[in-house]
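Here's the structure, in structure tokens; my notes come after.
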């Protein structure tokens, strides 16, 4: 269970560093607060019963209360973020002024992407909020309200629209745990039988409910995980295709290249050049 707000406080702001490969050990959900945070370093993936999504440095992630979720590292690097937790009562003036639908629309999306200029602007806003929170002043929460409301509007006004990947049907806790296992062990290419055993199901039953809940067979989803990690390495390192193949569980570079082009429509080299031009990682949807 995420740490609740301290008694008597309506907002908490933290700046935290995690070591590489940090992941939540179990499903969690907040019951007394919303949160909004910016990633400063690292790449993360969050899995909820209704959707899964990735985010990296410069992205803003949000989570309302009463949503079960697990997060894990997508790359073996430290993770740094600034997180703001606040009660529903704390944002009542915003809801009264802007309307409940505006606030709900903000939290209908779990992750927002931005241009480089907007990313720097938002980082500055998060650090300013952190600095104000760390002051010991009488009117601190009143000032923080205005800063948080301005942050909300900046996110709504300046984000780059991206269609979320929605699961065909809500995921059970066992399937979410199985996906986390696959994400953490993709280099070893765990078999259907191995993951089914980890989830506590027979192979046949697990295969059926996995396909039903994710909308694709186990092997397709496993390949999607590998391809996504290939994309990360292509866009963030100068590793050779052969080395990336070994790092992501493919038997050799030629097989990786064939699978990558089949999935993305580009060769690994073309994708790398594209990311250098765009200065960003372009993820292929989980489909």
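The values are calculated or read from the model by the stated rules, or taken from the named source; none is laboratory data. Small disclaimer: the values here were computed from a predicted structure and weren't measured. All Cβ positions, even for glycine, are placed from backbone atoms using ideal geometry, and neighbour counts span all protein chains on display.
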Picked from segment 133-165 (must be under 30 Å from residue 206 (Cα atoms) and surrounded by 11 or more Cβ atoms within 10 Å (Cβ to Cβ)), the residue modelled with the highest pLDDT is 165
Checked 16, 84, 38 against criteria (in the same structural domain as residue 149 (by TED's automatic domain parsing), assigned to a strand (DSSP E or B), over 26 Å from residue 235 (Cα atoms) and touching a residue at least 12 places away in the same chain (Cβ under 8 Å)); the one match is 84
Over segment 103-131, the set of residues touching a helix residue (DSSP H, G or I) at 6+ places or on another chain (Cβ under 8 Å), exposed (fewer than 15 other Cβ atoms within 10 Å of the Cβ) and modelled with pLDDT of 95 or more is 121, 128
Being under 19 Å from residue 53 (Cβ atoms), surrounded by 18 or more Cβ atoms within 10 Å (Cβ to Cβ) and touching a helix residue (DSSP H, G or I) at 6+ places or on another chain (Cβ under 7 Å) is the requirement here; does residue 248 meet it? no
Flagged in segment 180-191 as in contact with a helix residue (DSSP H, G or I) (Cβ under 8 Å, 6 or more places away or on another chain) and farther than 18 Å from residue 250 by Cβ, in numbering order, are 181
Within segment 132-183, residues in a loop (DSSP other than H, G, I, E, B) and under 14 Å from residue 60 (Cα atoms) come out as 159, 161, 162
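Among the residues of segment 2-13, how many are in a loop (DSSP other than H, G, I, E, B) and either surrounded by 15 or more Cβ atoms within 10 Å (Cβ to Cβ) or at pLDDT 95 or above (or both)?
Result for segment 2-13: 3.
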